[in-house]
Structure formats: structure tokens, C-alpha cells
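Everything below concerns the one structure shown next.
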Amino acid sequence: MKRTLPAILATALLGFAFGPAPSMASEAYVENADEIVKQADWNTMETVSVVFDENGYTPDVLRFKAGTPYKLALHNQSDKHHYFTAPAFFRSIATRKAMVDGQAEIKAPYFKAIEVLKEGGRIDLYFVPVARGSFEVYCTIDDHREKGMEGQIIIE
Ligand SMILES: [Cu+2]
């Protein structure tokens, strides 16, 4: 059947209107992150530590409370580099900074992935969780994810 241009356009519009709805929480970065970071009481900051080893992240389920300021301390104790890739999670938090103690402090509106280098690499991420939800985190190097280098991050 030969389709006319209007028919094709109508199909495209219907597909747009009734296609799968995007998840609002994961589509855009937190817009007023600076404001949220400034208003947070950093004296109440909680620290969550994650160790990377040969088998994955420990712990592999992380829970955060929306509105509470956090330091997420990542420490790679294995002999391989590993990623902490969590794009939807990074879109759901107001980022203050990332810090490599004694080395560097990075201010950026958001991150996509953080690679922590082998044999003791460390980085601390300071942020306030904003959008509630469950997000995946995984390593993108070789077959690490298939071997179990993945986890879940929950903002409640
Ligand atoms: Cu890895």
C-alpha cells in the first residue's frame, strides 16, 4: 500500500502523542541545584561509603533521603579501574562538588559517570538528593557489569 504524506505525518504525530511517556525524573537535570545546595544544612551531612573490589560495589544497594545533604565516598580497592556510571541518579540530585582529598575539588552542575582508578583511587561526591526513585549504577569497563559490578541507588 502506498501511503500519502499526510497519512505518514498523521502516523508520526500519533506515535508522538501516544508513545511511551518519558520518565520526568530522569529526563532533565535538577535546574535549581545551586539554590538547593546553598539552602542545605551541611552540618547535618551524612556520609555513605562504597568500596569497589574485584566483584562489585559494597554495599550494592545505596539508600538516600531526599533533601538530606550527603557525602558519597567512593574507594577503589581493586587492581582494576572501575566506573560508577549512574546517569539517571546524577540527574536526580543537586550536586555541590566532587573532591579528591588533598588533590582537587571540582564544581560542576552535574556528572554522568565517575571513574575511580585502581589500587586506592578515592573521590567524594557532595550532593543533595532531589527526585525520588530507584536508579541503576554499573561499571562500563569490559565485562565488569556482567560479572556483577552493578547496584541500585534508591532516593526515598
Ligand atoms: Cu569495573
Among Met149, Ile106, His82, whose Cα sits farthest toward the positive end of the charge dipole of the stretch 5-155 (+1 at Cβ of Lys/Arg, -1 at Cβ of Asp/Glu, about the Cα centre)?
-> Ile106
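Taking 0.36 nm per residue of sequence separation and subtracting the Cα-Cα distance, how much length would be gained by fully extending the chain between Lys80 and Thr68, in nm to one decimal?
1.1 nm
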Which whole-number percent of Cα pairs in the stretch 69-156 have a distance greater than 15 Å?
-> 60
Mind listing which GluC sites (Glu not before Pro) in the stretch 40-123 are in a DSSP loop and have 10 or fewer other Cβ atoms within 10 Å?
-> Glu119
Contour minus Cα-Cα distance for Asp60 and Ala28 (0.36 nm per residue) = 9.0 nm
The answer for trypsin sites (Lys or Arg not before Pro) in the stretch 40-71 that fall in a DSSP coil and have at most 16 neighbouring Cβ atoms within 10 Å is Lys65
Sparse-neighbour loop sites [chymotrypsin sites (Phe, Trp or Tyr not before Pro); the stretch 65-131; at most 15 other C-beta within 10 Å; DSSP] = Tyr110
By the gyration tensor of its Cα atoms, with a ≥ b ≥ c the square roots of the eigenvalues, what is the shape of the stretch 5-155: rounded for a/c under 1.5, prolate for a/b over b/c, or oblate?
-> oblate
Just need the relative contact order of the stretch 5-155 here, percent rounded to a whole number, with Cα pairs under 8 Å and 6+ apart.
-> 28
Long-range amide H partners of Lys65, meaning residues 5 or more apart or on another chain whose placed amide H is closer than 5 Å, are Glu156
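None of the figures in this text is laboratory data; all of them are computed from the coordinates on show. Everything quoted here is computed from the prediction, not taken from an experiment. Every residue, glycine as well, gets a Cβ built from its backbone with ideal geometry; the counts of neighbours run over all protein chains shown.
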